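Bear in mind that the values in this text are calculations on the coordinates, not laboratory data. All values reported here derive from a predicted model rather than from experimental measurement. Please note: Cβ atoms are built from the backbone with ideal geometry, for glycine as well, and neighbour counts cover all protein chains shown.
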Amino acid sequence: MSNDRHLSHLGAIGIALLVTVLWSSSWVLIRWGLDGEGLEPITFAALRYGLAAVVVVGWMLLRESPSTVLRGIDGKTWVRIVVLGVLMYALTQGAQFVAIDSQPAATTSLVLSLTPLLVAGFAVVSLGEVPARRQVLGATLVIGGAWLYFSGDLGATTVGMIAAVVSLAASVGASLLGRHVNREGRLSPVIVTALSMSVGAALLVGVGFTVEGVPSVSLKAWFIIMWLAVVNTAVAFTLWNLSLRRLSAVESAGMNNTMMIQIAVLAWVFLDESLGIAEIGGVVLVSIGVFLTQVITTRQKQGTPTRP
């Protein structure tokens, strides 16, 4: 996108908000595919990210020749890319689809919203990134909001919560490892995304087809899969990266943080998942807390979140 230098600040805000709406709508589309079209969760994730990997790799090869892509990738870097693919896509997304299949979307969303808090905590040790006071305050609000939310009627299930925690842990690991890989600056984000997504998608396909069998996919289900893969993954992440060239860390964190409320509203409207007063209060507190946790100093790099 060579014209990104002409993008206005207001235009960047609009693009970022559009991307968060696309990412939030993924939760509804995933539930429709699981419940309405009878797709199995791991196989569904495999088809979505398998197709997305094809799109991203194709885009990468239009920009770079295969020899250019592979040049300079040593054994240590390959190991990190493979592990990143396993964590970010195979485990994070595979477990996330299982969680969405097993319990209300808002409950799973709130569990996964703890990712920035845990990343900030572990980054102190692994990356030497000391959290600011507002991030500590944000962590306190997240804990209080989570307690308030979970005091209500969750509709949570054992399988759903275990899957959500697995997805949360893998997402934290992927965020930390992703920072290590991208801070080195040896590979472009497009190459890292294409290679790691291909690894994760291949593993999802192998596990999904082995455990759940080769699916029979309807035309409507294929449309959902293609929309998730092309629009909500390939296009959305590209637009998000474009918006980050004009938005500050505070602004991008604020845009990203609207998703928890968006998911709760969309789940209420399209999935009939209503929230009580305690749950609404919990979502608001966690949203504020996550926003404060995601606010980073200008000396730190902005990152691309992992989204369904």
At R0 = 25 Å, FRET efficiency that the Cβ-Cβ distance of Arg63 and Met226 yields, to 0.05
0.65
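Two decimals is fine: what's Rg over Rh for the range 7-294, C-alpha atoms, Kirkwood radius as Rh?
Details: Rg = 18.6 Å, Rh = 19.5 Å.
Reported Rg/Rh, Kirkwood definition of Rh: 0.95.
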Rounded to the nearest Å, the spacing of the alpha-carbon centers of the range 28-60 and the range 179-230 is 8
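Fewest first, what order do Ser287, Ser113 take by the number of other Cβ atoms within 10 Å? Present the calculation step by step, with values, prior to reporting the outcome.
Numbers: Ser287 21, Ser113 24.
Listed from fewest to most nearby Cβ atoms, that is Ser287, Ser113.
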What full-extension length gain, to one decimal in nm, is calculated for Arg186 and Thr238 as 0.36 nm per residue of separation minus the Cα-Cα distance?
16.7 nm
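Can you classify the range 9-65 as rounded, prolate or oblate using the Cα gyration tensor, where a ≥ b ≥ c are the square roots of its eigenvalues, rounded means a/c under 1.5, and otherwise it's prolate if a/b beats b/c and oblate if not?
Numbers: a/c = 4.86, a/b = 1.19, b/c = 4.09.
Oblate, because a/c is 1.5 or more while a/b does not exceed b/c.
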